[in-house]
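Peer 1: Just dropping this structure here.
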Amino acid sequence: MSQRTLYLLGGSAAFEAVAEEFVPAAGGREATIALLMQGGSGWEKHVPDYTEPWTRQGVAHHHVIVPDENGAWDIDQVSAKLSEATGIFIGGGHTPTYRHLYATEPLRSIIRERYQAGIPVAGVSAGALISLEDCALDADEVGDDSLKIEAGLGLAGNLVVEVHFTELDRLSNLLEAMIRLGAHVGWGIDDPACLVLEDEKVTRVLGRSVYRVEMVDPAAKTYTMVEWSKT
């Protein structure tokens, strides 16, 4: 079985560092990368932010996957694009929207099958959060008083992460998610950083910086935190 590789980016500042590894993993100059986006007003202007780092690595082919103006899919067309893709990149934006689009059927199963077949998958911000078995949705995104836990794509289990970690001061969100899920360890990923998993195990960091948070006492919310640098 091919090695499964998952790239979890904290923000767009990690695009260049990740492209240097993600593109070769997806086939280099022969790669065809599927970019999954949420759509909505003006989505096209954001496409070059994703694709230009790939172009600088020699990629000539990519597919942009977005729902139509009604939020609907041409499933046959989307399935064909995902089947052709040698790499899948899930964009950033509104996490509940991304979860609804890509972490529910029918696309959930298609993406999971491609990942299980060894196609590298990357997700930035919302894309990183929905990639996991449990997706923590911030209170401000769901209009609630506290974060909400929903089912994600399930590409990796027993993993809790938070994105834009120090930039948006999201330690409290990470701790709350860890407590809710009974997790002993969580990961905070800064905008210029990417946490890399191989066969669902954390192996290394691209860019800078990622923080490993270990819960000491959930009742008291005491913890230890260690910064992981590029390895």
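Peer 1: Counting Lys and Arg as +1 and Asp and Glu as -1, each charge on the Cβ, what is the dipole of the chain about the Cα centre in debye, to the nearest 20?
Peer 2: Around 580 debye, computed over the chain.
Peer 1: Using the basic label-point model (7 angstrom from Cα toward the beta carbon), what is the residue 198 to residue 158 distance in nanometres?
Peer 2: Simple spin-label model gives 1.9 nm for this pair.
Peer 1: Between 0 and 90 degrees, rounded to the nearest ten: what's the tilt of helix 75-84 against the longest Cα principal axis of the chain?
Peer 2: For helix 75-84, the angle is close to 90 degrees.
Peer 1: Can you tell me, using C-alpha contacts under 8 Å and at least 6 residues apart, the relative contact order of the chain as a whole percent?
Peer 2: Reported relative contact order: 23 percent.
Peer 1: Further, regarding this structure: Hey, can you grab everything whose amide H is under 5 Å from the amide H of residue 159? Only 5+ residues off in sequence or another chain; H modelled, so Pro and N-termini drop out.
Peer 2: 133, 134
Peer 1: Another question, if that's okay. Amide H to amide H under 5 Å from residue 228: which residues, 5+ apart in sequence or cross-chain, H placed 1.01 Å off N in plane?
Peer 2: Here the answer is 210, 211, 212, since their amide H atoms fall under 5 Å of that of residue 228.
Peer 1: Of the candidates 156, 17, 117, which one comes out as most mobile in a Gaussian network treatment of the chain with C-alpha springs shorter than 10 Å?
Peer 2: 117
Peer 1: For residue 45 and residue 216 in the same chain, what is the full-extension length gain: residue separation times 0.36 nm, less their Cα-Cα distance, in nm?
Peer 2: Gain on stretching residue 45 to residue 216: 57.1 nm.
Peer 1: Give me the extension gain from residue 145 to residue 74: residue separation times 0.36 nm, minus the current Cα-Cα distance, reported in nm with one decimal.
Peer 2: On the way: separation 71, 0.36 × 71 = 25.56 nm, distance 3.60 nm.
Using 0.36 nm per residue and subtracting the Cα-Cα distance, I get 22.0 nm.
Peer 1: Next question, about the same structure. Using 0.36 nm per residue, how much length does the chain from residue 226 to residue 172 gain when fully extended, once their Cα-Cα distance is taken away?
Peer 2: Details: separation 54, 0.36 × 54 = 19.44 nm, distance 1.57 nm.
Gain in length upon complete extension: 17.9 nm.
Peer 1: In nm, give the distance between the simple-model label positions of residue 180 and residue 56, each being 7 Å from the Cα along the Cα-to-Cβ direction.
Peer 2: 3.6
Peer 1: Rounded, prolate or oblate, given the Cα gyration tensor of segment 94-148, with a/c below 1.5 counting as rounded?
Peer 2: Working: a/c = 2.87, a/b = 2.16, b/c = 1.33.
Prolate.
Peer 1: Calculate for the chain the 222 nm mean residue ellipticity that helices alone would give, adding -39,500 (n - 2.57) per DSSP H run of length 4 or more and normalising by residue count, nearest 500 deg cm²/dmol.
Peer 2: Rounded to the nearest 500, the figure is -8500 deg cm²/dmol.
Peer 1: Let me ask something else about it. Counting only protein heavy atoms, what percent of the accessible surface of the chain is carbon or sulfur at a 1.4 Å probe?
Peer 2: Percent of accessible area from carbon and sulfur atoms in the chain: 46.
Peer 1: How many nm is it between the label spots at residue 3 and residue 29, if each spot is 7 Å from the Cα in line with the beta carbon?
Peer 2: Here the answer is 2.4 nm between the modelled labels.
The values are calculated or read from the model by the stated rules, or taken from the named source; none is laboratory data. A quick note: this is a predicted structure, and the numbers were derived from the prediction, not measured. Because the Cβ atoms are built from the backbone with ideal geometry, glycine has one as well, and the counts that use them run over all protein chains shown. Just the protein is used for accessible areas: all its heavy atoms, side chains included, with ligands, DNA and RNA removed. Shrake-Rupley method; radii C 1.70, N 1.55, O 1.52, S 1.80 Å.
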